Amino acid sequence: MPANTSAEIGIRELRASLSDVLNDVSVRGRITYVTSHGRRVAALVPVPDAEALEAKKESGGEPSA
């Protein structure tokens, strides 16, 4: 797995660079955590990862962290 697979970005910075962040998520597979006042409040994940997580939850499996 590549060393740089996740990042954090504040809400204000996300507003200013949304298209670049979405490109990193979709093309590079990077998970990006959105922070508010230094606290993680959301995550942007590649669609295949999100779909795999949903499928696992629907089949009764627990998602892995």
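Can Gly60 be described as modelled with pLDDT of 95 or more and not β-branched (Val, Ile, Thr)?
It is false that Gly60 is modelled with pLDDT of 95 or more and not β-branched (Val, Ile, Thr).
Quick one: would you say Ser26 is loosely packed, with under 10 Cβ neighbours inside 10 Å and modelled with pLDDT of 95 or more?
no
Would you be able to tell me the number of residues in segment 29-57 that are surrounded by 12 or more Cβ atoms within 10 Å (Cβ to Cβ) and basic (Lys, Arg)?
2
Have a look at Ser59, Ser36, Ser26, Ser19 and point out the one that is of a type in the set (Ser, Thr, Tyr), out of contact with any strand residue (DSSP E or B) (no Cβ under 6 Å at 6 or more places or on another chain) and touching a residue at least 24 places away in the same chain (Cβ under 8 Å).
Just a single option satisfies the conditions, and that option is Ser36.
The values are calculated or read from the model by the stated rules, or taken from the named source; none is laboratory data. If you're wondering where the values come from, they're calculated on a predicted model, not measured in any experiment. Don't worry about glycine lacking a Cβ; one is built from the backbone with ideal geometry, like all the others, and counts go over all protein chains shown.
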